[in-house]
Number of protein chains: 2
Amino acid sequence: MDMTTKLTAAAERLFDRHGYMATGMDRLTEAAGMSSRTLYKNAGSKAALMARVLTERDRRFMARVEVRTVDALFAALEDWVRVEGCRGCLFLRSRAETGGDTPEIAEAVAAHKEAFHRRIGEVVATDLGREDPALAEQVLVLFEGATHAAVYRGAQTVSAAKAAAAILVARARS
Amino acid sequence: MDMTTKLTAAAERLFDRHGYMATGMDRLTEAAGMSSRTLYKNAGSKAALMARVLTERDRRFMARVEVRTVDALFAALEDWVRVEGCRGCLFLRSRAETGGDTPEIAEAVAAHKEAFHRRIGEVVATDLGREDPALAEQVLVLFEGATHAAVYRGAQTVSAAKAAAAILVARARS
DNA sequence: TGCAATGTAAAACGATCGTTTTACATAAGT
DNA sequence: ACTTATGTAAAACGATCGTTTTACATTGCA
């Protein structure tokens, strides 16, 4: 495991658990097991590190939602929260924490959310056999809602969203 | 307008727009138009101020969702985002920013989310004529999802959630 | 008139922030 | 054997953090 991977993984963990602003660089160097000199040589800055964390997380997330049905989409979310926990969307949280004023972060978030939105549209279209932007928007809302409600309601929100989506898709099909 | 009200209002605005951690006390004193001495005499600490902001916001929010139907619930959310904007849920954001490690904040968030969950259950029960916890969970997910998806998709997510909820309620009724 | 109360302005507190630098060790490549 | 790369440990940078304090002004009530 090279230094880049180790650093990115440690940073994602700390930023996700304690927040971006609340995580100091000293804690980061300790968790990554490297000196601050090496850290900065590798990451450039704290904001750039966060941007890289988000890009890597986007890669991992988007790989998990490469599915053909809406049902599989929420099954993927069930897996995701089982593996990653329920702390809300790190992308939206990063943007909110920085007020959208850190360009590198804001861009990574925008890119992810655009890709996510496009993917939902594709999944709905594949599942339904035709495009349905209105249904796609509802599925997106359910997905986002399950993610955030899970913070205080637990993983049951994902099955609730899955069931709701199934009803909406069935209705759109007939 | 007394000092307490002015301070709480200014704090809510800054915390909401720029984040809790990113907002310094100097910016707060300037926005509230008072010296730091008066501010601390009034608020005690930054965390206590945030807790007060959340309590006040809970009061304002809960007053807006004193409704009898699921449809009116999402109409209330439409009003809310028109007035307050789309920056996600300040309660979840505060908790995430502090990693849940600030008791005063964590408690205010927990209290709000519990009250919110109970209210959704009441609205669904009133609208449906009977309790339906599963439907209530779905409505909660749609509400939370509309709130957070609106950050990058705009207020249209609220009408999408409203339409989806109407379908789910109609189905539960028959 | 004089005493509290309540406010401001501003300096100071120690701590911590993100970042850079200095000084030194190790290991690989020619 | 000498250079280059890559790392550590630790001090230092100036800035900013949340908070307290000092010194002084204003106001309302006895």
Exercise. Determine the share of chain B's accessible area contributed by carbon and sulfur atoms, expressed in whole percent, with a 1.4 angstrom probe.
Key: 50
Quiz item: Percent relative contact order of the stretch A:53-140, based on C-alpha pairs within less than 8 angstrom and at least six residues apart?
Solution: 34
Quiz item: Going highest first, how would you order B:52-65, B:155-168, A:134-147 by mean Cβ packing within 10 Å?
Solution: A:134-147, B:155-168, B:52-65
Self-check item: Within chain A, helix-based [θ] at 222 nm, where runs of 4 or more DSSP H residues each add -39,500 (n - 2.57), nearest 500
Solution: -26500 deg cm²/dmol
Self-check item: Cα-centre dipole for the stretch A:125-170 with unit charges at Cβ (Lys and Arg positive, Asp and Glu negative), debye to 20
Solution: 220
Exercise. Could you do me a favour and compute the accessible area per residue for the stretch A:1-44, 1.4 Å probe, result in Å²?
Key: 55
Practice problem: Determine the total buried accessible area between chain A and chain B, counting protein heavy atoms only with a 1.4 Å probe; round to the nearest 100 Å². | Solution: 3000
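Largest first, how would B:C89, A:C86 line up by accessible area (1.4 Å probe)?
A:C86, B:C89
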Quiz item: Could you give the length gained on full extension between B:A110 and B:D79, defined as 0.36 nm per residue of separation minus the Cα-Cα distance, in nm?
Solution: 8.8 nm
Quiz prompt | Inter-copy separations for A:G129, label at 7 Å along Cα-Cβ, nm, ascending | solution = 3.6
Quiz item: Is any residue of the stretch A:3-18 close enough, with backbone N under 18 Å, to a label point placed 7 angstrom from the Cα of A:R37 along the Cα-Cβ axis, and if so, which?
Solution: A:3-4
Practice problem: Can you tell me the FRET efficiency between A:R13 and B:R173 if r is taken as the Cβ-Cβ distance and R0 is 41 Å, rounded to the nearest 0.05? | Solution: 0.35
Quiz item: With the Cα gyration tensor of the protein assembly as shown giving a ≥ b ≥ c as the square roots of its eigenvalues, does the rule (a/c under 1.5 for rounded; else a/b larger than b/c for prolate; else oblate) give rounded, prolate or oblate?
Solution: oblate
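The values are calculated or read from the model by the stated rules, or taken from the named source; none is laboratory data. Computed from a predicted structure; not experimentally measured. Glycine also receives a Cβ, built like all others from the backbone with ideal geometry; neighbour counts cover every protein chain displayed. SASA here: full protein model, heavy atoms, side chains in, ligands and nucleic acids out. Shrake-Rupley method; radii C 1.70, N 1.55, O 1.52, S 1.80 Å.
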